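The values are calculated or read from the model by the stated rules, or taken from the named source; none is laboratory data. In this text the structure is predicted, and so the values were computed from the model without any measurement. Neighbour counts are summed over all protein chains in view; Cβ atoms, including those assigned to glycine, are modelled from backbone coordinates with ideal geometry.
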Amino acid sequence: MAGKIVLCRCEDVTLADLEHCVSRGYQDIEEVKRYTGFGTGPCQGKECLAAVASQLALLTDQSPAAIPPFTSRPPLAPTPLRLLARDPGAHRFADDPDSERSS
Amino acid sequence: MPTTPPPFDEEEDASRADVSGEIRLPATLEGAGPLPDRAEVVIVGGGVVGLAIAYNLARRGLADVVVIERGYLAEGASGRNGGGVRQQWSTELNIRLMQESVDLCRRFAVDLGVNVWFRQGGYLFLARTAREVARLDKNIAIQNRCGVPTRMLEPGKARDIVPELDLTGIVAAAYNPTDGILFPWPFLWGYARQAAAHGVRIFTQTPVGGLEPQKGGGYLVHTPRGAVRARRLINATGAWSPRLAQMIGVHVPTYPIRHEICSSEPLKPFLRPMVSELTSGLYCSQSMRGEIVGGVTIPGHGSTYGMGSTLEFLATYARRLVRLMPILGEIKVLRQWAGPYDQSPDGNPILGAAPGHPDFFLACGFVGHGFMMAPIVGKLYGEWLTGGEPHEIFARYTLGRFSGGAPPVPEKEDFNIG
């Protein structure tokens with residue numbers, strides 16, 4: 001049954017995947033993220049983190065409060081490169097056409 | 001007449017999951033228990049270098065090994081790098097080491113029983129100036145002499161390999177089809193699992209609080225889980241190596257430099273090689289997950305252990321990458337992070353025992369390339385510490401070379417790109 005309970009929809013991580021991960025000794029939420037891949041898809045954990053943390057708490061006999069969220073990574077939402085490329089804070093290298101400061 | 005489906009057999013799922021055999025193995029990592037009283041070798045650092053050494057010691061019969069990791073496996077640079085594995089280096093010694101590392105990567109899935117998503121799509125280095133071309137030319141001559149099939153390409157030929165390139169300003173490209181990429185995390189789990197299966201004990205969430213030299217050699221390693229007496233100690237703590245060495249008064253002249261990196265939404269496979277331009281240190285590759293993973297080198301930042309992310313990085317990376325491959329403008333960045341390079345003064349690693357401290361071994365100073373060098377360095381360390389002849393790297397890449405110590409001083413490595 002655990003193989004049919006999906007915890008992370010972006011990366012198809014099931015409860016069985018989490019149980020397997022914990023059985024190998026990988027029980028820190030950051031390890032679980034890396035071992036199962038949960039939270040590395042388009043939602044970056046926004047949908048799945050609470051579900052995984054609650055099940056991890058049950059499996060490792062901890063209170064949910066003892067499991068902090070994994071490090072949140074920018075950007076806040078998936079962002080196209082062309083928008084980022086227009087940010088005026090980009091470093092200018094010597095060969096940039098509008099180079100103001102050279103490297 | 002409608003037929004009733006047979007009852008669903010939930011057991012089937014469990015038995016299928018069990019076919020991998022993994023579930024029946026004991027856990028790779030130790031639980032909350034105390035450290036053993038003593039160990040022949042204690043390796044500090046649960047990154048790829050420490051685990052590669054642990055695995056290679058154990059498979060050669062030295063299994064009385066304890067690995068101590070301050071946080072979780074892959075918490076440092078080993079879990080934060082781009083997974084590139086290349087042979088395009090500038091010194092013969094590093095080229096030959098990386099030839100062996102690539103061979104080990106090719107066999108890794110079979111030898112270690114884990115899929116590391118290794119893919120040899122080559123590395124394409126792009127030059128925008130005559131000076132950059134000269135640098136590549138010089139390196140290619142050495143690489144070819146070692147048997148690495150790197151060749152210089154006209155810009156048009158580079159576009160045959162990556163049709164998405166905008167060639168404006170590109171004057172030449174160095175291409176070696178046998179370089180590759182891998183997925184770093186499973187590489188560590190593979191080493192850890194096989195090391196543990198051979199008897200190595202791996203303790204995570206265990207910071208070292210102090211090192212106490214013992215009469216007759218070795219160290220008492222203090223941690224919150226108790227102390228372990230190490231006959232030999234290996235410092236494989238990457239950018240934190242100077243701090244561990246300082247505990248016994250040894251000066252390691254490396255320093256941490258933060259490098260940022262980011263990953264995109266997954267795309268259908270289209271990009272074969274790792275692409276890098278020398279001018280900006282821009283690099284990007286497409287992982288087996290389909291993501292575009294890459295970074296850029298922004299000069300002028302100081303040394304820090306801070307691992308924060310900046311908009312300056314993302315903007316600079318986006319600007320350079322969209323200029324080089326305009327079609328990528330529409331793809332979305334999903335996340336960015338940072339990791340520390342352990343910067344050594346001459347660009348080469350620091351290996352072997354510290355001068356005057358014959359039981360204190362170093363495996364650090366890899367300048368952002370410890371991941372690709374770990375397979376061969378781990379193997380050579382394993383051979384040496386189980387009674388084999390020391391490889392040339394243990395005579396050349398010594399800590400003593402920085403204090404005017406024992407020759408031969410290695411050639412400076414100047415191709416630490418990306």
Next on the checklist: Take the conditions surrounded by fewer than 20 Cβ atoms within 10 Å (Cβ to Cβ) and farther than 25 Å from B:Pro186 by Cα and apply them to B:Gly300. Does it pass?
Outcome noted: yes
Item to check | All positions within the stretch B:368-403 that are β-branched (Val, Ile, Thr), under 26 Å from B:Leu211 (Cα atoms) and crowded, with 20+ Cβ neighbours inside 10 Å | outcome: B:Val377, B:Thr398
Item to check | Among the residues listed as B:Ser287, B:Ser276, B:Ser309, the single one being facing another protein chain (nearest Cβ under 10 Å) and either without any contact (Cβ under 8 Å) to a residue 40 or more places away in the chain or crowded, with 16+ Cβ neighbours inside 10 Å (or both) | outcome: B:Ser309
Next on the checklist: Among the numbered criteria (1) in the same structural domain as B:Val48 (by TED's automatic domain parsing); (2) surrounded by fewer than 21 Cβ atoms within 10 Å (Cβ to Cβ); (3) under 26 Å from B:Lys412 (Cβ atoms), which one does B:Gly113 miss?
Outcome noted: (3)
Next on the checklist: Just to be sure I understand the filter: pairs with C-beta atoms under 7 Å, separated by 6 or more residues or on different chains, first member in the stretch B:35-58 and farther than 25 Å from B:Gly339 by Cα and of a type in the set (S, T, N, Q), second member surrounded by fewer than 24 Cβ atoms within 10 Å (Cβ to Cβ) and at pLDDT 95 or above. Which pairs pass?
Outcome noted: B:Asn56/B:Lys379; B:Asn56/B:Gly382
Checklist outcome for this item: Taking the stretch A:14-42 and keeping residues surrounded by fewer than 24 Cβ atoms within 10 Å (Cβ to Cβ) and at the interface with chain B (Cβ under 7 Å from one of its Cβ atoms) leaves A:Ala16, A:His20, A:Ser23, A:Arg24, A:Gly25, A:Asp28, A:Glu30, A:Pro42
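Conditions (1) in a helix (DSSP H, G or I); (2) free of Cβ contacts under 8 Å to residues at least 12 places away in the same chain, marked per residue:
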site: A:Gly3; (1), (2): yes, no
site: A:Leu18; (1), (2): yes, no
site: A:Cys21; (1), (2): yes, no
site: A:Leu59; (1), (2): yes, no
site: A:Gln62; (1), (2): no, yes
site: A:Pro68; (1), (2): no, no
site: A:Leu84; (1), (2): yes, yes
site: A:Asp87; (1), (2): no, yes
site: A:Asp96; (1), (2): no, yes
Checklist entry - Among the candidates A:Pro42, A:Pro88, A:Pro80, which residue alone is touching a strand residue (DSSP E or B) at 6+ places or on another chain (Cβ under 7 Å) and modelled with pLDDT of 95 or more? => result A:Pro80
Checklist entry - Quick one: is B:Asn139 part of a helix (DSSP H, G or I) and within 23 Å of the chain's Cα centre (by Cα)? => result yes
Checklist entry - If you take the residues of the stretch B:375-393 that are within 21 Å of the chain's Cα centre (by Cα) and among the aliphatic types (A, V, I, L, M), which of them is nearest to B:Val409 (Cα to Cα)? => result B:Ile393
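Rundown of residues vs (1) assigned to a loop (DSSP other than H, G, I, E, B); (2) in contact (Cβ under 8 Å) with a residue 12 or more places away in the chain; (3) farther than 22 Å from B:Gln286 by Cα; (4) more than 23 Å from the chain's Cα centre (by Cα), yes/no style:
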residue	(1), (2), (3), (4)
B:Val102	no, yes, no, no
B:Cys105	no, yes, no, no
B:Arg131	no, no, yes, yes
B:Arg135	no, yes, yes, yes
B:Met152	no, yes, yes, yes
B:Lys157	no, yes, no, yes
B:Asp160	no, no, no, yes
